[in-house]
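Trainee: Encoded as structure tokens, here's the structure I'll be asking about.
Only the coordinates and a few stated rules stand behind these numbers; no lab work does. These numbers come from a predicted model, not from an experiment. Don't worry about glycine lacking a Cβ; one is built from the backbone with ideal geometry, like all the others, and counts go over all protein chains shown.
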Amino acid sequence: MATKAKTEPATPKATPVPAQAPPSPLAAAYGKAVKLMESGKHAEAAKALETLMHDAQAAGDWGLKRRAQIFLTLAEAKVNPLKVAVLDPITEVQACLNRQDADEALKLIEKALKGPAAKGPLYYLRAVAFAQGDNTEGAAESLKKAMELDPDFVFQWHMEPDFNSIRKSPLFAFTEGH
């Protein structure tokens, strides 16, 4: 009696998943410093952020240097609470925007606008918060107020990546020629 050979279905070969590019050393250092902050290791985070600020400046990554500087201020406030009793509203707002928490940033801005804080930077940061939320009209209106108080905010506007998705809107025509 002849036996039939069992044929097993051919298993498809696994398609290799393309590897993602590893983050840049600066981005990895920033992520590590933020994790140190989140885990309550503020002194270690401060040291890492100081190093990162110098490295980012050497690399010409001004955005990363600015974010590291903001987190460094927060870390130092945690390490030396008596030395830095109250954070200024602008630093608090910048920290919210770095976390992509535009709603909290807008709450803080509205509160700060009622007080003695510098109005130009607050209007600029409000424009950034609106840009993060894709509110083009709010961003344009706030940027216009910021530039009325300090025309140099146009330079930050041109460099700020949060405006990339709405920058080409005709509502920002007032920035042309600045």
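Trainee: Here are some pairs, 65/119; 111/145; 35/78; 32/107; which of them have Cα atoms lying more than 19 Å apart in this structure? Show your work: numbers first, answer last.
Mentor: Values: 65/119 24 Å; 111/145 17 Å; 35/78 15 Å; 32/107 29 Å.
Correct reply: 65/119; 32/107.
Trainee: Sticking with this structure for a sec: Mind ranking 121-133, 55-67, 137-149 by how tightly packed they are, going by the mean number of other C-beta atoms within 10 angstrom, highest first? Working shown, then result.
Mentor: Numbers: 121-133: 23.8, 55-67: 15.5, 137-149: 19.2.
Result, highest mean first: 121-133, 137-149, 55-67.
Trainee: Which peptide among 102-109, 169-176 comes first, and what is the full order, when sorted by highest mean count of other Cβ atoms within 10 Å?
Mentor: The most tightly packed comes first, giving 102-109, 169-176.
Trainee: List the aspartates and glutamates whose Cα sits under 13 Å from the Cα of residue 41, skipping any in the same chain fewer than 8 residues away.
Mentor: List returned: 76.
Trainee: Can I ask one more? State the Kirkwood hydrodynamic radius of the range 88-178 in Å, one decimal place, computed from all pairs of distinct Cα atoms. Let's see the in-between values first.
Mentor: Numbers: mean 1/r = 0.0782 Å⁻¹.
One over the average 1/r among Cα pairs gives 12.8 Å for the range 88-178.
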